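Undergrad: One structure, as structure tokens, below. Some questions next.
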Number of protein chains: 2
Amino acid sequence: MSKAEKTRQFIVEMTAPVFNEKGYAGTSLSDMTNATGLTKGSIYGNFASKDEVALAAFDHNLQQVTAIMAQETARQDTCRGKLMAYVQVYSNFLKHPFPAGGCPMLNTATEADDTHPALKQKAAEAILAWKDRLAAIVEKGIRNGEFSKKTDPEQTALTMIAMIEGCIMIAKLTGKMHYRNAIMQSVEKLIQAL
Amino acid sequence: MSKAEKTRQFIVEMTAPVFNEKGYAGTSLSDMTNATGLTKGSIYGNFASKDEVALAAFDHNLQQVTAIMAQETARQDTCRGKLMAYVQVYSNFLKHPFPAGGCPMLNTATEADDTHPALKQKAAEAILAWKDRLAAIVEKGIRNGEFSKKTDPEQTALTMIAMIEGCIMIAKLTGKMHYRNAIMQSVEKLIQAL
DNA sequence: TTTGTTTTATACCGATCGGTATATTTTTAT
DNA sequence: ATAAAAATATACCGATCGGTATAAAACAAA
């Protein structure tokens, strides 16, 4: 790993939480130099533009989330358990190394959907990949008799994502853990009923 | 209504969709002069700061949404019908005078939760008011025997909001109407099961 | 250790940022 | 119609924006 690659990685790691909290438009170059302790010259020696850093930062934030998810679902051997793992992680995401600023998909989606096509596409791909992963678990559960044959895998996946992301928004906004628990309990109920 | 009041109103109406699409940090004063055709002097003659316009713009966007909601729920006489009206409005919000840029609560919540306390509080109050309105409908439905006594009004309200807001995010991000329909169908199912 | 090459810092660019003092125009009340 | 008051436009403020040319420094290979 060359020095430049290390610095690139370092810049991404240090700016990723800033982008996730302040958003793309709200993060300035001086925010980036503050977060890294580097100068503009150094940053622009490793990235072509602020855009390029933002895209790499999103990838980094997303990878953090998906890594946690992969780890926690791998622990479970039943399909129901795997689905439940998502609820567990999001229910106490403070206990995991979750990106500061909350869910990067939600944050990026709402900011970029009318303003930043490249970021929007990255967020869209992330949501679709998540949906496919969830739907695959549901499908497997149907095949092995764990879930009812009447279950629609894609609909179940989309509904779970909507509930979880909506839950994150409400919980972060209001600061009420009680709300988060109530919604997550509904997700659990949904999974139990499959 | 004085000239100044009319201009204030005009500024809010013209900038509200811009704030909703580009966000607070992403909307500049030149965006505001472009949207209104007015000069900075004129805007600052009616508002103390960009902040003040943004807060008024949020109120305006929110009021548009709540007005549609109030109108559509008023049409229904059953509690189940009233809840279903929310699904209907959000399912085809293109047919209503919905603010450009999507749901102002979702947009403001995700942008402002780490950056703008005043906007964050406004968004939080809006979500809480919405929750209370939904919960009140559910409570009434329980009292008049329309819904099961085992239904938890607040949990139901929070779950509906999470699903709807998550649905908006996913649908706007991916552009797939099919996804929106799938999630909204899940909300319908939830309401049917009350 | 020296040399050539990367990498980083300094200094600067024009443009735009949010905001304001003041002059000019438009309303409003008489 | 006219004078006083209110609203709008012009011109400008210092600060910061994203970005770059270039010089200094750190690194790697010999």
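The values are calculated or read from the model by the stated rules, or taken from the named source; none is laboratory data. Worth saying up front: this structure is predicted, and the values here are computed from it rather than measured. Cβ coordinates were reconstructed from backbone atoms using ideal geometry, including for glycine residues, and neighbour counts include every protein chain displayed. Ligands, DNA and RNA are stripped out before the accessible areas are found, and what is left, the full protein with its side chains, is counted by its heavy atoms. Shrake-Rupley method; radii C 1.70, N 1.55, O 1.52, S 1.80 Å.
Undergrad: Got a number for residues in the range B:147-194 being closer than 15 Å to B:Leu134 by Cβ, open to solvent by 10 Å² or more (accessible area, probe 1.4 Å) and of a type in the set (Ser, Thr, Tyr)?
TA: 2
Undergrad: A follow-up question, please. Mind telling me which of the residues A:Ala25, A:Ala16 ends up being within 24 Å of the chain's Cα centre (by Cα), small (Gly, Ala, Ser), within 19 Å of B:Asp114 (Cβ to Cβ) and away from DNA strand C (no atom under 14 Å from the Cβ)?
TA: So the residue among A:Ala25, A:Ala16 that is within 24 Å of the chain's Cα centre (by Cα), small (Gly, Ala, Ser), within 19 Å of B:Asp114 (Cβ to Cβ) and away from DNA strand C (no atom under 14 Å from the Cβ) is A:Ala16.
Undergrad: Take the range B:74-89 and flag every residue that is in a helix (DSSP H, G or I) and out of contact with any Asp or Glu (no Cβ under 9 Å at 6 or more places or on another chain).
TA: Scanning the range B:74-89 gives B:Ala74, B:Arg75, B:Gly81, B:Leu83.
Undergrad: If you go through the range B:165-193, how many residues are of a type in the set (Asp, Glu) and not in a helix (DSSP H, G or I)?
TA: Final tally of qualifying residues: 0.
Undergrad: Let me ask you something else. Which one is farthest from A:Ala100 (Cα to Cα), of the residues in the range A:1-17 that are within 11 Å of DNA strand D (Cβ to nearest atom) and touching a residue at least 24 places away in the same chain (Cβ under 8 Å)?
TA: That would be A:Ala4.
Undergrad: Find the residue count for the range A:36-75, including only residues that are of a type in the set (D, E, K, R) and more than 9 Å from DNA strand D (Cβ to nearest atom).
TA: Residues meeting the conditions: 3.
Undergrad: Also, quick follow-up: Which one of these is more than 9 Å from every other protein chain (Cβ to nearest Cβ), within 17 Å of B:Asn20 (Cβ to Cβ) and either open to solvent by 10 Å² or more (accessible area, probe 1.4 Å) or at pLDDT 95 or above (or both): B:Ala126, B:Ala109?
TA: B:Ala126
Undergrad: If I filter the range B:28-62 down to residues being β-branched (Val, Ile, Thr), over 22 Å from B:Leu106 (Cβ atoms) and in contact (Cβ under 8 Å) with a residue 12 or more places away in the chain, which single residue comes out as farthest from DNA strand C (Cβ to nearest atom)?
TA: Among those residues, the one meeting the criterion is B:Thr36.
Undergrad: Please state which one of A:Thr73, A:Thr66 is surrounded by fewer than 18 Cβ atoms within 10 Å (Cβ to Cβ) and modelled with pLDDT of 95 or more.
TA: Matching residue, one of A:Thr73, A:Thr66: A:Thr66.
Undergrad: Which one of B:Gly145, B:Gly166, B:Gly141 is modelled with pLDDT of 95 or more, in contact with a helix residue (DSSP H, G or I) (Cβ under 7 Å, 6 or more places away or on another chain) and away from chain A (no Cβ under 12 Å)?
TA: Answer to the selection: B:Gly141.
Undergrad: What residue, of A:Ala136, A:Ala118, is out of contact with any Phe, Trp or Tyr (no Cβ under 9 Å at 6 or more places or on another chain), open to solvent by 10 Å² or more (accessible area, probe 1.4 Å) and more than 30 Å from A:Gly26 (Cα to Cα)?
TA: One residue alone meets the criteria, A:Ala136.
Undergrad: Within the range B:26-35, take every residue that is assigned to a helix (DSSP H, G or I) and surrounded by fewer than 19 Cβ atoms within 10 Å (Cβ to Cβ) and give me the one that is farthest from DNA strand D (Cβ to nearest atom).
TA: Only one residue tops the list, namely B:Asp31.
Undergrad: Among the listed residues A:Lys95, A:Lys50, A:Lys82, which satisfies the condition of being within 14 Å of another protein chain (Cβ to nearest Cβ) and of a type in the set (D, E, K, R)?
TA: A:Lys50
Undergrad: If you don't mind, there's one more thing I want to ask. List, please: which pairs have Cβ atoms under 6 Å, are six or more places apart or on different chains, and start with a residue in the range B:63-77 that is free of Cβ contacts under 8 Å to residues at least 12 places away in the same chain and end with one that is in a helix (DSSP H, G or I)?
TA: Note: pairs meeting the criteria are B:Gln76/B:Lys82; B:Gln76/B:Ala85.
Undergrad: In this structure, does B:Pro117 turn out to be within 13 Å of another protein chain (Cβ to nearest Cβ) and more than 14 Å from the chain's Cα centre (by Cα)?
TA: The answer is yes for B:Pro117.
Listed here are the residues, each with its yes/no results for (1) within 21 Å of A:Leu194 (Cβ to Cβ); (2) in a helix (DSSP H, G or I).
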{"site": "A:Glu72", "(1), (2)": "yes, yes"}
{"site": "A:Pro99", "(1), (2)": "no, no"}
{"site": "A:Asn107", "(1), (2)": "no, yes"}
{"site": "A:Lys120", "(1), (2)": "no, yes"}
{"site": "A:Gln155", "(1), (2)": "yes, yes"}
{"site": "A:Met160", "(1), (2)": "yes, yes"}
